[in-house]
Each structure stands twice: as C-alpha cells, then as structure tokens.
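Student: Pasting a structure here, questions to come.
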Amino acid sequence: MATRADFVQVEPYAYEIAKTYRADMRVSARLYADEAILESASHDRSLEQLINTATLPGVVRYTLAMPDIHQGYGPPIGAVIPIDPRNGGVISPGATGYDINCGVRLLKSVLHAEEVRPFLGELVNALYANVPSGMGPGGEMHLSDEEMDAVLLEGARWVVRRHLGTLDDLEHIEEGGTLPDARAGAVSEAAKKRGSTQLGTLGSGNHFVEVGRIETIYHEEAARTFGLFPGQLVVWIHSGSRGLGHQVCTDYLRRYQGVITRFGIVLPDRELICAPFHSPEGQDYFAAMSAAANFAWANRQMLAERIRRTFATILAGKVSSHELRLLYDVAHNIVKRESYQIEGTLQELLIHRKGATRAFGPGQQAIPPVYRAIGQPVLVPGDMGRASYVLVGAQGAMEKTFGSACHGAGRAMSRHAALKEISGEVLQERLRWQGIFVRGSARGLAEETPEAYKDVDEMVEVVHQSGIALKVARTVPMGVIKG
Amino acid sequence: MSSEERRENPYELLSHTADLAMRVYGRDLPELFVNAARAMFDVMTVSPEKGTVERHLLLDAGDTEALLVDWLNELNFLHETEEETYTQFVLDEFTPTHLSARVSGGPTVEKTLVIKAATYHELRIVPTDAGVEATIVFDI
C-alpha cells in the first residue's frame, strides 16, 4: 500500500506519486493536502484508489484528489480524472458514481439572519414538513412517461417552465441546469421508474437543507459581486439525482461488464469499469449520465421552490422580505467536456469529478456573465455543527486542477461508528444549546454528527493557499433538516 | 470467525469510512447468495411479520461476482420501486452465471438505510474451509 514516503511534495500544499510507482499507471497522481491530511489519507484505501485512477486509458497529465479525499469505491471521493477522449480514451460510470450530479445550491436572502431567529423553530419545522426527505419512496408528484423524458432532456428548465422558479435561477446554475448531450432513450425504464416519484425530494444520507448565517467575509470584492454580506441569511441545499441516477450507474456498470474485454481494457478495480468515449457504449453512457444530471438539477430546482414557498408561508408579514435568490448551483459527481492546455495545445477533455466541484477562475465563458470577471462561486458545505464556505474559483484551478476544487469536509468516521458514538436525540439537544435547530430521523442525525466529518476549515485552507479557489464567506448553521 | 459462528451470523459489517462494507458467508454459492440478500435487507429494513407477496427473478451474468451484484441490485430495485421487503429467498436454478429465484415478503414496514447500489469495488468471492465468503461494498 502507498505510504507518505512514496509521495514527493511538489507545491507547498500538493504531493505527487510518480507513475513509476506502479507498472499500470499511465500518469502520476497528485493530492492537494497538508501533511496531516496526507498522513490521514494513508491510513485507509484512499491513496490506493487515487493511484488506480491513473491507470484509466486516455488519462492525461496527472490524476488528482482534493483535500477532502476519503475512501470510496472505485476512485476515492474527492477525485478529478482528466481524460483525452481521442484514441480510445474512456468514460467511466464507476468513476462518476451512483449519485450522478449530486450537488449543492445556495440561496441568499436580503435579510439579516437575526431577523428570522424568533421564527427559526417554526421555519425549520415547516421545512421538515414541506420538503420530502428520508427513506420513504418519494414525494407526492408522479411523473408520466412524457414528463419524465422532458425532465431528462431539459433539467431545471422544465421546472421553471412550470412556473416553479425564474429565468434568473437558470442563469445561476452550472450549465444553466441543462446538459445538452442528454438522451432520454439512453436511460432504462427501470431508472425512470425508480425516479418517477422522487422529483423534489431530498433523500437521506448526507443530503440536507440548512438555514445559515454568514459569519465572516474574507473577500470584499467577490462578496459584493455575489451579493453576500455579514450576518446575511442563506439556505444550503444538498441533493442529487436520487434513485434515477443510482439506477443509471448500476445499468451501465452491468452493461460494461460484458464489453470491457472486447476493448482490451485491464483495470485494477472492476468498479472503475469504462468504455472508449467514442464507442456506442461510451456515447450511450454519456447521454444517460447527462440525462441523470438534468434530473438532479430539476430536483434541486423543485426543492428550492418548496423552500421558497415555506419561507413565504412562515415569514410573510413578519419580516421585510422572504425572497430567496439563487447564488449558484454546482455539481460534484459528473463528467464534463472542458478544454485545457495540454502540452501547449488547447484540448477538449472529459473531466470526471467524483466528489469535487467545478471551480472556474475569472474570464471563463461558462461562468454566468455577472460572475465572469471574478470567477464562479464554489460552494463547499461542511457539517451541521460547524461551518460551510463560499469560495471563488481562481486561476490556479485552471492551471493545476482542471478547474476543480474540494466539495466538502470529507468523512472521518464511518456511519456505523457514528451511530455508536452518539444518539440522534442527544445530538439534537446538544446542537439546540449551540443555537442550531435540527430536524431529522434519529438515525440519520447520528450518522451525520459533526464529529463524523473532518474540519472543513482545514480543507478550505489548503484550497485557498494553493490558489485553486479563494475564501469569500464562511457560513454557520442555524437550522438543519436531514433525511 | 468459527464455522459455528458463521452459521449463527452469516455476515459481519466491516469498517468503511463513507459507505457500507460487509463479509458474507455460505456453505456453498447458493447459500452465500441467500445470505447476502438477507444481510442486505437486514441492514436496510425491519422485516415484515409475514410474507404476502412473491416475485420471480431470472438473471444471467458473465461471472459469479457480477451475478451476485446483479442479484443484490435487482432485489434493491424491487424493494425500492414496489415498496416491499423480502425475507424468503428460494433459488430454483443456480449455476455460477445464472439463477432463477422466487423471493417473498411483504410491504416495507420500516426502512433503516437507503442502499444506492451494491458495487463491484474489491468484490471477491473466495473459497474457505467452511464454504465460501464474499466481501461486498455498498454505496449508501
């Protein structure tokens, strides 16, 4: 197993293992971290999983992981895998993960959070009642076949066309909330069935809605551009493509098992299974993955609307405004076509992000015009007891990390261990005395106890110091609902 | 784990930071498949009191590991979409790459965990002195 000694420090906050470490590596593997994070990652399979991603056909320059690296299946969580799709370069469903376009969006209020504190309990209870969450089958909406196909093609735009949201929302979503390569026919009937009642539902696990307050502003200019100010009320949403995405990944992993030998691809881990991008199998997965990503953007749009309506119901007449505007919405499990300089030539690559956020720096055309001069908002949620961050993408990301930054704090403790550590009821009381009002299933809360996560401050510091994305604002939780 | 303990506890949970890993035992492959299904439902549901529904599954795969993943994912799909929990698993036909099964159970009473999928990650089925064992990682 790879150890600290196998890694060479290449930047103050980056360590690399050479491609000579293992015969099957095509490129080196890099980790953005400090000494403590690197040491911690060497205790489980995370580094080995990162090294495995360097064996994928077509991988260029280096494969990398963010400081919130932790053990997953296939790649580690926190991985960014750049692949040149020409000459047999692959697309990998396993390297993208089951929760396709799991992601985060941040809504901002014009209110100071303290104006809402007197109504916080009522607000969080209403959010828990109005936002379908947890392990149940889904929400009250049942998509017809035609509606499902339209959602898969149009993503968040489909939801806004039904007057659930605004054009302003669409302008503030990565890709406008719609990937154009989606094809509904590439998604199985099983996947559509699994997702048919789940649009507008949060799910369980680490998904959440958090009402928070901006505690600190670090970057005045970016904060002004993003419309953020100290004390401001904000709402975080973390969810993905639900059962539909899980089934798309399952379907293509199954289909690819039968074809991988035909392409002569040998892998160190079967979960990294892949197919050449320019093969029928590769194109079908890309179309299905894009469709699932669209479903996820539609889902977060619906969730945002449920939250807005709840704010209106609880706060109308009590505060000066209950409006919530979208700051941004980012994906963190996805494959994107993006262009980067490779050996002096601009080359379109397939960027696989598995637990990593796009973090485009200033000037990129893909960023909404209002943010283009400064860089895109990068949303990094932490845990429900400590903090989360808004960062701004920087030039360093374009040069060093294929336009990517960390996506969260990263787990430090298994769910099983967390359940042994604390009960949901005790955690709920403890957080109440910290001024954080939490609702969720007892088990779901215990599994997500703040101690189960690494300290997001440390992850963000690495990204900030590396010039990948810069700190703009730190938010602290006031109320959280968990699935 | 002794063979006596394996009969008592056909699976054990392994440490995994973000997801769920388990080792499942069986005297032979069919028993392993049944025990893996039981283990999966054990961690994600509370068993209904009596069986009222029966489903049929017919699966083919390229190898036994892929068949095990397909088996678990198909059961999870039915569990999620039909809102049913299965407690009885009968394999009418079984070869290392093919199975025909009848599973029975009832409407899901209580769910304790959502499993997104059984993965191929480091999936191994190995012979042991007491039969066979498999290590399975689930995305949760």
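Student: Roughly how big is the range B:12-140's charge dipole about its Cα centre, with Cβ charges of +1 (Lys, Arg) and -1 (Asp, Glu), in debye to the nearest 20? Provide the component values of the computation, followed by the final result.
Tutor: On the way: 9 positive and 23 negative charges, 41 e Å.
Using Cβ point charges on Lys, Arg, Asp and Glu, the range B:12-140 gives about 200 debye.
Student: Taking 0.36 nm per residue of sequence separation and subtracting the Cα-Cα distance, how much length would be gained by fully extending the chain between residue A:412 and residue A:125, in nm to one decimal?
Tutor: Details: separation 287, 0.36 × 287 = 103.32 nm, distance 2.92 nm.
That works out to 100.4 nm of additional length.
Student: Let me ask something additional. List the GluC sites (Glu not before Pro) in the range A:332-417 that DSSP assigns to loop (not H, G, I, E or B) and whose Cβ has at most 11 other Cβ atoms within 10 Å. Which are they? Intermediate results must be reported in sequence, preceding the final value.
Tutor: Values: sites: A:338, A:343, A:348, A:399; in loops: A:343.
Within the range A:332-417, the qualifying GluC sites (Glu not before Pro) (loop, at most 11 other Cβ atoms within 10 Å) are A:343.
Student: Report the calculated FRET efficiency for residue A:167 and residue A:451 (r = Cβ-Cβ distance, R0 = 56 Å), to the nearest 0.05. Write down the numbers at each step before the final one.
Tutor: Values: r = 42 Å, r/R0 = 0.75.
After rounding to 0.05, the efficiency reads 0.85.
Student: Which GluC sites (Glu not before Pro) does the range A:81-147 hold that lie in a coil by DSSP with at most 11 other beta carbons within 10 Å? Please list the in-between numbers first.
Tutor: Details: sites: A:114, A:115, A:122, A:140, A:146, A:147; in loops: A:140.
Within the range A:81-147, the qualifying GluC sites (Glu not before Pro) (loop, at most 11 other Cβ atoms within 10 Å) are A:140.
Student: Give, rounded to the nearest 20 debye, the magnitude of the charge dipole that chain A has about its Cα centre when Lys and Arg contribute +1 at Cβ and Asp and Glu contribute -1 at Cβ.
Tutor: Result for chain A is approximately 560 debye, rounded to the nearest 20.
Student: Label points 7 Å out from Cα along the Cβ direction at residue A:189 and residue B:14: separation in nm?
Tutor: Each label point is offset 7 Å from its Cα along the Cβ direction, giving 3.7 nm.
Student: In nm, what is the difference between 0.36 nm times the number of residues separating residue A:9 and residue A:343 and their Cα-Cα distance? Walk me through the numbers on the way to the answer.
Tutor: Values: separation 334, 0.36 × 334 = 120.24 nm, distance 2.22 nm.
So the extension gain works out to 118.0 nm.
Student: Between the range A:1-54 and the range A:353-388, how far is it from one alpha carbon centroid to the other, in angstrom?
Tutor: Taking the Cα centre of the range A:353-388 as reference, the centre of the range A:1-54 is 25 Å away.
Student: Where in the range B:106-132 is the amide nitrogen less than 18 Å from a point lying 7 Å along the Cα-to-Cβ axis of residue A:43?
Tutor: Zone members listed by number: none at all.
Student: Looking at the protein assembly as shown from every direction and averaging, what is the projected area of its Cα convex hull in nm²?
Tutor: On the way: hull surface 105.1 nm².
With every direction weighted equally, the projected area is 26.3 nm².
Student: Between beta-carbons, use under 10 Å as the cut-off and find the net charge around residue A:160, counting Lys and Arg +1, Asp and Glu -1. All intermediate terms of the calculation are to be shown ahead of the outcome.
Tutor: Details: positive: A:157, A:161, A:162; negative: A:154, A:168, A:169, A:305.
Residues close to residue A:160 contribute a combined charge of -1.
Student: Assuming R0 = 35 Å, can you tell me the calculated FRET efficiency for the pair residue A:36 and residue A:433, based on Cβ-Cβ distance, to the nearest 0.05? Mind showing how you got there, number by number?
Tutor: Numbers: r = 30 Å, r/R0 = 0.85.
Computed FRET efficiency for residue A:36 and residue A:433: 0.75.
Student: A further question follows. Over chain A, what is the relative contact order in percent, taking alpha-carbon pairs closer than 8 angstrom and at least six residues apart? Display every interim value, and only then the final one.
Tutor: Values: 1211 pairs, mean separation 104.1, N = 483.
So the answer I get is 22 percent.
Student: Fully extended, how many nm does the chain gain between residue B:57 and residue B:129 (0.36 nm per residue separation, minus their Cα-Cα distance)?
Tutor: Details: separation 72, 0.36 × 72 = 25.92 nm, distance 3.03 nm.
Value of the extension gain: 22.9 nm.
Student: Now for a different question. With a cap of 14 neighbouring Cβ atoms within 10 Å, and only residues DSSP puts in a loop, list the trypsin sites (Lys or Arg not before Pro) found in the range A:94-167. Spell out each step's value before the answer.
Tutor: Values: sites: A:105, A:108, A:157, A:161, A:162; in loops: A:162.
Of the trypsin sites (Lys or Arg not before Pro), the ones in loops of the range A:94-167 whose Cβ has at most 14 other Cβ atoms within 10 Å are A:162.
Student: While we're on this one: For the range B:3-139, what class follows from the C-alpha gyration tensor (a ≥ b ≥ c being the square roots of its eigenvalues): rounded when a/c is under 1.5, otherwise prolate if a/b is larger than b/c, else oblate? Provide the component values of the computation, followed by the final result.
Tutor: Details: a/c = 1.40, a/b = 1.20, b/c = 1.17.
Taking the square roots of the gyration eigenvalues as a ≥ b ≥ c, the range B:3-139 is rounded.
Student: What pairs from A:108/A:400; A:420/B:111; A:192/B:116 go past 21 Å between their alpha carbons? Don't skip to the end; give the middle numbers.
Tutor: Working: A:108/A:400 31 Å; A:420/B:111 19 Å; A:192/B:116 15 Å.
Among A:108/A:400; A:420/B:111; A:192/B:116, the Cα-Cα distance tops 21 Å for A:108/A:400.
Student: Can you show me the helix-derived [θ] at 222 nm for chain A, built from DSSP H runs with n ≥ 4 at -39,500 (n - 2.57) apiece and divided by the number of residues, rounded to the nearest 500.
Tutor: On the way: 16 runs with 156 residues, N = 483.
-9500 deg cm²/dmol, from helical runs alone.
Student: Right, here's the next one. Report, by chain and number, residues whose modeled amide H sits under 5 Å from the one on residue B:85, excluding near sequence neighbours (fewer than 5 apart, same chain).
Tutor: B:106, B:108
Student: While we're on this one: How much net charge surrounds residue A:241 when only the other residues with a Cβ under 11 Å from the Cβ of residue A:241 are counted, with Lys and Arg +1 and Asp and Glu -1?
Tutor: Details: positive: A:194, A:242, A:300, B:116; negative: A:99.
The answer is +3.
Student: Among A:133, A:466, B:100, B:15, what is the fewest-to-most ranking by other Cβ atoms within 10 Å?
Tutor: Working: A:133 25, A:466 22, B:100 15, B:15 11.
Fewest-to-most ranking of A:133, A:466, B:100, B:15: B:15, B:100, A:466, A:133.
Student: Residues in the range A:441-483 near a label at residue A:115, defined as backbone nitrogen under 12 Å from the 7 Å Cα→Cβ point?
Tutor: none
Student: What whole number of Å gives the distance from the Cα centroid of the range A:252-301 to the Cα centroid of the range A:96-162?
Tutor: 27
Student: Now for a separate question. When Cβ neighbours within 10 Å are restricted to other protein chains, what is their mean count per residue of peptide A:329-339? Write down the numbers at each step before the final one.
Tutor: Values: counts 0, 0, 0, 0, 0, 0, 0, 0, 0, 0, 0.
Mean shielding by partner chains, rounded to a whole number: 0.
Values in this text are rule-based calculations from the coordinates and carry no lab data. Keep in mind it's a predicted model, so treat the numbers as computed, not measured. Reconstructed Cβ throughout: ideal geometry from the backbone, glycine too, with neighbour counts over all protein chains shown.
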